[in-house]
1. For residue 119, list long-range residues whose amide hydrogen, built 1.01 Å from N in the peptide plane, is under 5 Å from its own amide hydrogen.
2. Near the amide H of residue 111, under 5 Å away, which other amide H atoms are found, from residues 5 or more places off or on another chain, if H is placed in the peptide plane?
3. In the full protein assembly as shown, how much of residue 124 is accessible to a 1.4 Å probe, in Å² to the nearest 10?
4. Karplus couplings for segment 63-69 from phi (6.51 cos²θ - 1.76 cosθ + 1.60, θ = phi - 60°), rounded to Hz, Gly and Pro as x?
5. Taking 25 Å as R0, compute the FRET efficiency from the Cβ-Cβ separation of residue 26 and residue 64 and round it to 0.05.
6. Express the Stokes-Einstein translational diffusion coefficient of segment 62-124 in µm² s⁻¹, to the nearest whole number, given a Kirkwood radius over alpha-carbon pairs, 20 °C and a viscosity of 1.002 mPa s.
7. With a 1.4 Å probe and all protein chains left in place, how much of the accessible area of segment 66-124 comes from carbon and sulfur atoms, in whole percent?
8. Once you've got the Cα coordinates, tell me which of 72/120; 45/77; 45/72 are over 22 Å apart.
Amino acid sequence: MIAVVVLLILAGVWGVTGYRSIQREEIQIRRRYDEMRLALAAGDKSLTLSFVAPNLREDPRLDMGLLRSFVKPLGPKSAVEIWDSKAAVFPQRIFHYLVLRGGDSLAMVKVNGEWYFTGKVSID
């Protein structure tokens, strides 16, 4: 009985710690997203490139015009999904048939503890 209680307490602590970690990551991603949006709106290419993953900055497929058209202000219907060192930002989350998550998204990747855009856009 004591072992079960200890396991439940440990699971609860792990759950709270994991949730707080994801919250911190989401805050950082939203901040980076907004900084990228402002750089794109200002037309500052060098600043915009600083938000793209270092290994992708010279990629000829990187299309700033495409990014500019999809990077919109985040509102109450926005969402962030995080999987380890990858994330997707949904400027406006939608639901198909009220249950299937969807919406246009921009991919991000974590490099050396910092979140960067990959330049990949998923259109829904």
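1. 107
2. 116
3. Approximately 90 Å² for this residue.
4. So the J values, rounded to whole Hz, are 10, 5, x, 5, 4, 4, 6.
5. E between residue 26 and residue 64, to the nearest 0.05, is 0.50.
6. Result for D is 174 µm²/s.
7. 55 percent
8. 45/77
The values are calculated or read from the model by the stated rules, or taken from the named source; none is laboratory data. Note that the structure is a prediction, hence the values are computed from the model and not measured. Glycine gets a Cβ as well: all are built from the backbone with ideal geometry, and neighbour counts include every protein chain shown. The protein model used for the area step is the full one, side chains on, heavy atoms only, and it has no ligands, DNA or RNA in it. Shrake-Rupley method; radii C 1.70, N 1.55, O 1.52, S 1.80 Å.
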